[in-house]
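Report on the following structure.
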Amino acid sequence: PTKLGSVDTTNTVFSYHNYLPNYVPIPVIEDLVVGEAQSYAKAAGLPAFMTEFGATNSQSSLTASIQPVDADLTSWTEWTYSGQGDITTAGNTNSESLVYNPALPPTGDNVNTANLTTLAEPYPQTVSGTPTSFSFKNGIFTFSYSTERADGSGSFAAGAQSVVSVPAIEFPNGYQVSVTGGQVVSAPDAPVLVIASIGGASTV
(Lines give C-alpha, C1' and ligand atoms only; values in the text may rest on other atoms or scores of the structure.)
Protein backbone atom coordinates (compact mmCIF):
# COMPACT_ATOMS: atom_id res chain seq x y z
CA PRO A 1 0.00 0.00 0.00
CA THR A 2 1.08 3.57 -0.72
CA LYS A 3 1.45 5.62 2.47
CA LEU A 4 2.72 8.96 1.23
CA GLY A 5 -0.03 11.06 2.76
CA SER A 6 -1.40 14.23 1.21
CA VAL A 7 0.43 16.34 -1.37
CA ASP A 8 -0.10 20.09 -1.54
CA THR A 9 2.44 20.95 -4.24
CA THR A 10 1.16 22.00 -7.65
CA ASN A 11 2.26 20.34 -10.91
CA THR A 12 2.96 17.06 -9.13
CA VAL A 13 2.72 13.54 -10.56
CA PHE A 14 2.66 10.33 -8.53
CA SER A 15 5.50 8.21 -9.92
CA TYR A 16 5.61 4.53 -9.07
CA HIS A 17 7.63 1.45 -10.01
CA ASN A 18 6.50 -2.12 -10.60
CA TYR A 19 9.03 -4.95 -10.49
CA LEU A 20 8.03 -8.59 -10.12
CA PRO A 21 9.99 -11.05 -7.96
CA ASN A 22 12.43 -12.82 -10.28
CA TYR A 23 10.52 -11.28 -13.22
CA VAL A 24 7.87 -13.99 -13.08
CA PRO A 25 4.57 -12.62 -14.41
CA ILE A 26 1.94 -12.85 -11.67
CA PRO A 27 -1.16 -11.00 -12.94
CA VAL A 28 -2.77 -10.68 -9.50
CA ILE A 29 0.32 -8.84 -8.20
CA GLU A 30 0.48 -6.65 -11.29
CA ASP A 31 -3.17 -5.69 -10.84
CA LEU A 32 -2.63 -5.07 -7.13
CA VAL A 33 0.31 -2.71 -7.68
CA VAL A 34 -1.54 -0.73 -10.34
CA GLY A 35 -4.73 -0.69 -8.25
CA GLU A 36 -2.92 0.62 -5.18
CA ALA A 37 -1.20 3.31 -7.25
CA GLN A 38 -4.46 4.41 -8.85
CA SER A 39 -6.31 4.47 -5.53
CA TYR A 40 -3.68 6.68 -3.95
CA ALA A 41 -3.42 8.98 -6.99
CA LYS A 42 -7.19 9.49 -7.16
CA ALA A 43 -7.47 10.12 -3.42
CA ALA A 44 -4.60 12.63 -3.60
CA GLY A 45 -5.94 14.29 -6.76
CA LEU A 46 -2.78 13.49 -8.73
CA PRO A 47 -2.09 11.94 -12.11
CA ALA A 48 -0.22 8.61 -11.86
CA PHE A 49 2.71 7.55 -14.05
CA MET A 50 4.46 4.14 -13.89
CA THR A 51 8.01 5.36 -14.37
CA GLU A 52 9.83 2.05 -14.02
CA PHE A 53 9.27 -1.61 -14.76
CA GLY A 54 10.93 -4.27 -16.86
CA ALA A 55 14.72 -4.59 -16.71
CA THR A 56 14.22 -8.05 -18.22
CA ASN A 57 14.14 -10.00 -21.46
CA SER A 58 11.01 -11.84 -20.32
CA GLN A 59 8.34 -10.84 -22.82
CA SER A 60 5.57 -12.32 -20.67
CA SER A 61 6.75 -10.23 -17.71
CA LEU A 62 6.82 -7.05 -19.79
CA THR A 63 3.34 -7.74 -21.16
CA ALA A 64 1.96 -8.55 -17.70
CA SER A 65 3.27 -5.20 -16.44
CA ILE A 66 1.87 -3.16 -19.35
CA GLN A 67 -1.67 -4.50 -19.69
CA PRO A 68 -3.16 -3.42 -16.32
CA VAL A 69 -1.60 0.04 -16.70
CA ASP A 70 -3.10 0.43 -20.16
CA ALA A 71 -6.47 -0.67 -18.80
CA ASP A 72 -6.24 2.13 -16.20
CA LEU A 73 -5.39 4.67 -18.94
CA THR A 74 -2.06 5.45 -17.27
CA SER A 75 1.19 6.36 -18.98
CA TRP A 76 4.33 4.30 -18.47
CA THR A 77 8.00 4.20 -19.34
CA GLU A 78 10.23 1.12 -19.16
CA TRP A 79 13.65 0.69 -17.54
CA THR A 80 15.78 1.33 -19.48
CA TYR A 81 16.85 2.80 -22.83
CA SER A 82 20.36 1.49 -22.23
CA GLY A 83 21.79 -0.38 -19.27
CA GLN A 84 25.33 0.65 -20.15
CA GLY A 85 26.91 2.28 -17.11
CA ASP A 86 23.96 1.41 -14.86
CA ILE A 87 25.25 1.65 -11.28
CA THR A 88 22.13 -0.04 -9.88
CA THR A 89 22.78 -3.40 -11.58
CA ALA A 90 25.71 -5.78 -11.27
CA GLY A 91 26.88 -7.93 -14.15
CA ASN A 92 25.41 -8.04 -17.65
CA THR A 93 22.94 -5.20 -18.21
CA ASN A 94 21.94 -6.21 -21.75
CA SER A 95 18.66 -7.72 -20.56
CA GLU A 96 17.49 -4.29 -19.37
CA SER A 97 18.49 -2.44 -22.54
CA LEU A 98 16.52 -1.43 -25.59
CA VAL A 99 19.74 -0.07 -27.09
CA TYR A 100 22.89 -1.86 -25.98
CA ASN A 101 25.39 0.92 -26.75
CA PRO A 102 23.88 4.44 -26.75
CA ALA A 103 27.01 5.80 -28.46
CA LEU A 104 26.13 3.83 -31.61
CA PRO A 105 23.10 4.21 -33.91
CA PRO A 106 19.96 2.42 -32.62
CA THR A 107 19.82 -0.07 -35.48
CA GLY A 108 20.53 -3.74 -36.22
CA ASP A 109 22.31 -5.77 -33.57
CA ASN A 110 22.52 -2.72 -31.29
CA VAL A 111 18.77 -2.99 -30.59
CA ASN A 112 16.96 -5.45 -28.34
CA THR A 113 14.33 -6.12 -31.01
CA ALA A 114 12.27 -8.57 -28.93
CA ASN A 115 11.78 -6.06 -26.11
CA LEU A 116 11.15 -3.22 -28.53
CA THR A 117 8.45 -5.21 -30.32
CA THR A 118 6.70 -5.92 -27.01
CA LEU A 119 6.98 -2.36 -25.73
CA ALA A 120 6.31 -0.32 -28.88
CA GLU A 121 2.53 -0.48 -28.77
CA PRO A 122 0.14 2.00 -30.37
CA TYR A 123 -1.05 4.72 -28.00
CA PRO A 124 -3.09 7.94 -28.16
CA GLN A 125 -0.85 11.01 -28.23
CA THR A 126 -3.57 13.66 -28.22
CA VAL A 127 -7.29 13.13 -27.64
CA SER A 128 -10.11 15.54 -28.49
CA GLY A 129 -12.22 14.22 -25.65
CA THR A 130 -11.96 12.02 -22.58
CA PRO A 131 -10.42 8.53 -22.92
CA THR A 132 -12.61 5.69 -21.64
CA SER A 133 -10.76 2.49 -22.64
CA PHE A 134 -7.44 1.40 -24.09
CA SER A 135 -5.84 -1.98 -24.85
CA PHE A 136 -3.34 -3.62 -27.16
CA LYS A 137 -3.44 -7.41 -27.34
CA ASN A 138 -2.47 -9.86 -30.07
CA GLY A 139 -1.75 -7.07 -32.53
CA ILE A 140 -5.14 -5.42 -32.06
CA PHE A 141 -5.32 -1.89 -30.67
CA THR A 142 -8.66 -0.85 -29.21
CA PHE A 143 -9.32 2.68 -28.03
CA SER A 144 -12.48 4.54 -27.11
CA TYR A 145 -13.11 8.09 -26.00
CA SER A 146 -15.99 10.41 -25.25
CA THR A 147 -16.11 13.68 -27.19
CA GLU A 148 -16.77 15.49 -23.88
CA ARG A 149 -14.00 17.68 -22.53
CA ALA A 150 -12.25 16.28 -19.47
CA ASP A 151 -12.92 19.46 -17.49
CA GLY A 152 -16.67 19.11 -18.02
CA SER A 153 -16.99 22.33 -20.02
CA GLY A 154 -18.87 20.80 -22.94
CA SER A 155 -17.88 18.68 -25.93
CA PHE A 156 -15.40 19.03 -28.76
CA ALA A 157 -16.93 20.12 -32.06
CA ALA A 158 -17.40 17.72 -34.95
CA GLY A 159 -14.14 17.36 -36.86
CA ALA A 160 -11.95 17.63 -33.75
CA GLN A 161 -8.92 15.41 -34.28
CA SER A 162 -7.27 12.77 -32.11
CA VAL A 163 -3.82 11.38 -32.87
CA VAL A 164 -2.63 7.81 -32.28
CA SER A 165 1.02 6.74 -32.61
CA VAL A 166 1.32 3.54 -34.67
CA PRO A 167 4.85 2.05 -34.37
CA ALA A 168 6.04 0.54 -37.66
CA ILE A 169 7.72 -2.34 -35.80
CA GLU A 170 4.27 -3.59 -34.76
CA PHE A 171 2.79 -3.35 -38.26
CA PRO A 172 5.60 -3.88 -40.80
CA ASN A 173 3.04 -4.74 -43.50
CA GLY A 174 0.67 -1.90 -42.69
CA TYR A 175 -2.52 -1.87 -40.67
CA GLN A 176 -6.30 -1.72 -41.05
CA VAL A 177 -8.54 0.71 -39.17
CA SER A 178 -12.18 0.51 -38.17
CA VAL A 179 -13.75 3.59 -36.57
CA THR A 180 -17.21 4.28 -35.23
CA GLY A 181 -18.17 7.90 -34.51
CA GLY A 182 -15.25 9.27 -36.50
CA GLN A 183 -13.31 9.02 -39.72
CA VAL A 184 -9.66 8.52 -40.58
CA VAL A 185 -8.11 11.65 -42.09
CA SER A 186 -4.47 10.48 -42.18
CA ALA A 187 -2.86 8.61 -45.07
CA PRO A 188 -3.05 4.79 -45.18
CA ASP A 189 -0.44 3.16 -42.89
CA ALA A 190 0.76 6.55 -41.62
CA PRO A 191 3.02 6.40 -38.52
CA VAL A 192 0.43 8.57 -36.77
CA LEU A 193 -3.24 7.75 -37.22
CA VAL A 194 -5.45 10.86 -37.20
CA ILE A 195 -9.16 10.47 -36.51
CA ALA A 196 -11.72 13.26 -36.80
CA SER A 197 -15.01 12.93 -34.95
CA ILE A 198 -18.22 13.11 -36.95
CA GLY A 199 -21.26 15.25 -36.21
CA GLY A 200 -23.53 13.90 -33.50
CA ALA A 201 -20.96 11.43 -32.14
CA SER A 202 -20.68 11.35 -28.36
CA THR A 203 -18.20 8.44 -28.44
CA VAL A 204 -15.44 7.54 -30.89
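Tabulated data for the structure shown
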{"item": "Cβ-based charge dipole, segment 1-143, positive-most Cα from 37, 20, 93", "result": "37"}
{"item": "Portion, in percent, of the accessible area of the chain that falls on carbon or sulfur, probe 1.4 Å", "result": "55 percent"}
{"item": "For residue 8, solvent-accessible area (1.4 Å; no DNA, RNA or ligand), Å²", "result": "150 Å²"}
{"item": "Förster radius 25 Å - calculated FRET efficiency between residue 192 and residue 100 (Cβ-Cβ, nearest 0.05)", "result": "0.35"}
{"item": "Overall form of segment 1-54 per C-alpha gyration tensor (a/c, 1.5; a/b vs b/c)", "result": "prolate"}
{"item": "Tensor-based shape of segment 62-204 (alpha-carbon gyration tensor, a/c under 1.5 rounded, otherwise prolate or oblate)", "result": "prolate"}
{"item": "Theoretical gain in end-to-end length, residue 60 to residue 137 [0.36 nm per residue, Cα-Cα removed]", "result": "26.5 nm"}
{"item": "HN-Hα J in Hz across segment 100-107 - Karplus 6.51, -1.76, 1.60, θ = phi - 60°, x for Gly and Pro", "result": "6, 10, x, 7, 10, x, x, 9"}
{"item": "Contour excess over end-to-end distance, with Cα ends at residue 153 and residue 10 and 0.36 nm allotted per residue", "result": "49.3 nm"}
{"item": "Accessible area (Å², per residue) of the chain, counting only protein heavy atoms and a probe of 1.4 Å", "result": "56 Å²"}
{"item": "Modelled label reach - residue 163, point 7 Å along Cα→Cβ, segment 188-204 residues with backbone N closer than 12 Å", "result": "191-195"}
{"item": "Inter-part distance where segment 119-188 and segment 4-69 are each reduced to a Cα centre, Å", "result": "23 Å"}
{"item": "Cα gyration tensor category, rounded, prolate or oblate, for segment 52-123 with a/c compared to 1.5", "result": "prolate"}
{"item": "Derived scalar couplings ³J(HN,Hα) [segment 132-137; Karplus, 6.51 cos²θ - 1.76 cosθ + 1.60; whole Hz; x for Gly, Pro]", "result": "10, 7, 7, 7, 9, 9"}
{"item": "Share antiparallel - DSSP beta bridges, segment 1-117, percent rounded to 5", "result": "10 percent"}
{"item": "Which of 42, 137, 3 is most accessible, then next, and so on - probe 1.4 Å", "result": "3, 42, 137"}
{"item": "Residue 185 paired with residue 88, simple spin-label distance in nm, labels 7 Å along Cα-to-beta-carbon", "result": "4.1 nm"}
{"item": "For segment 74-83, Karplus couplings with θ = phi - 60° (6.51, -1.76, 1.60), whole Hz, Gly/Pro x", "result": "10, 6, 8, 9, 9, 8, 8, 4, 8, x"}
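The values are calculated or read from the model by the stated rules, or taken from the named source; none is laboratory data. Fair warning: this is a prediction, and the values are worked out from it, not measured in the lab. When we count neighbours, we look across all protein chains shown, and the Cβ atoms used for this are built from the backbone with ideal geometry, even at glycine. Note: areas computed on protein heavy atoms with side chains; ligands, DNA, RNA excluded. Shrake-Rupley method; radii C 1.70, N 1.55, O 1.52, S 1.80 Å.
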